[in-house]
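Engineer: Before I ask anything, here is the structure I am working with.
The values are calculated or read from the model by the stated rules, or taken from the named source; none is laboratory data. Since this is a predicted model, take the numbers as computed values, not measurements. Don't worry about glycine lacking a Cβ; one is built from the backbone with ideal geometry, like all the others, and counts go over all protein chains shown. To get the accessible areas, we keep the full protein, side chains included, count just its heavy atoms, and leave off ligands, DNA and RNA. Shrake-Rupley method; radii C 1.70, N 1.55, O 1.52, S 1.80 Å.
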Amino acid sequence: RRLARSGRSRRAIGAHLAAKGIAAETAAAVLPADAESELDAALAHCRRRRTGPFARTLMDPPARLKALGSLARNGFSRNVAECALDMDTDEAEARIIARRANG
């Protein structure tokens, strides 16, 4: 849960746990399987990197591609990455706050 809250994708969390020697079946049992938690993790990543809804200025096309690349390198699918980058700032903040409150 800590890794997901910090902005790690499901794939990145699985790779981290595999590197620690945790079996894939055990890791799959504890990883969040819904798309909503993946989007929340992508938003946390965007917040940390100050991109997408958390960018200080409007993102131009090269900055958007750079942000998409960063999300892709961190294991997020294109669909999730684009949803995170296109989200309204207030809605993104609300999702992150609600995620923290729910644990």
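Engineer: Please calculate how many Å² of accessible area the chain carries per residue, with a 1.4 Å probe and no DNA, RNA or ligand atoms counted.
Structural biologist: Working: 6560 Å² over 103 residues.
Roughly 64 Å² per residue, with all protein chains present.
Engineer: Carbon and sulfur: what percent of the chain's accessible surface (1.4 Å probe)?
Structural biologist: On the way: 3400 of 6560 Å².
That fraction is 52 percent.
Engineer: Counting only protein chains, not ligands or nucleic acids, how are Cys83, Cys46 ordered by accessible area (probe 1.4 Å), most first? Spell out each step's value before the answer.
Structural biologist: On the way: Cys83 65, Cys46 0 Å².
Per-residue accessible area, sorted high to low, gives Cys83, Cys46.
Engineer: Ignoring everything except DSSP H segments at least 4 long, calculate the 222 nm mean residue ellipticity for the chain; use -39,500 (n - 2.57) per segment, divide by total residues, nearest 500.
Structural biologist: On the way: 7 runs with 72 residues, N = 103.
Helices in the chain give a 222 nm mean residue ellipticity of -20500 deg cm²/dmol.
Engineer: Could you calculate the FRET efficiency of Arg78 with Glu36 from 1/(1 + (r/R0)^6), where r is the beta carbon distance between them and R0 is 30 Å, rounded to 0.05? Intermediate results must be reported in sequence, preceding the final value.
Structural biologist: Numbers: r = 17 Å, r/R0 = 0.57.
About 0.95, to the nearest 0.05.
Engineer: Sticking with this structure for a sec: Please report, in Å, the Rg and the Dmax of the range 52-103, where both are computed over Cα atoms only.
Structural biologist: Considering the range 52-103 through its Cα atoms, Rg and Dmax are 11.8, 35 Å.
Engineer: Can you give the local net charge around Ala18? Use residues other than it whose beta-carbon is closer than 14 angstrom to its beta-carbon, Lys and Arg +1, Asp and Glu -1. Please report the intermediate quantities before stating the final value.
Structural biologist: Working: positive: Arg8, Arg10, Arg11, Lys20; negative: Glu25.
Net charge around Ala18: +3.
Engineer: At most 16 other Cβ atoms within 10 Å plus a DSSP loop assignment makes a site exposed; report the longest stretch of the chain without any exposed trypsin sites (Lys or Arg not before Pro).
Structural biologist: Values: sites that count: Arg1, Lys20, Arg50, Arg56.
Formally, the longest exposed-site-free interval is 57-103.
Engineer: No solvent, one uniform scatterer per C-alpha: report log10 I(q)/I(0) for the chain via the Debye equation at q = 0.17, 0.22 1/Å, two decimals.
Structural biologist: Log-scaled intensity ratios, in q order: -0.73, -1.11.
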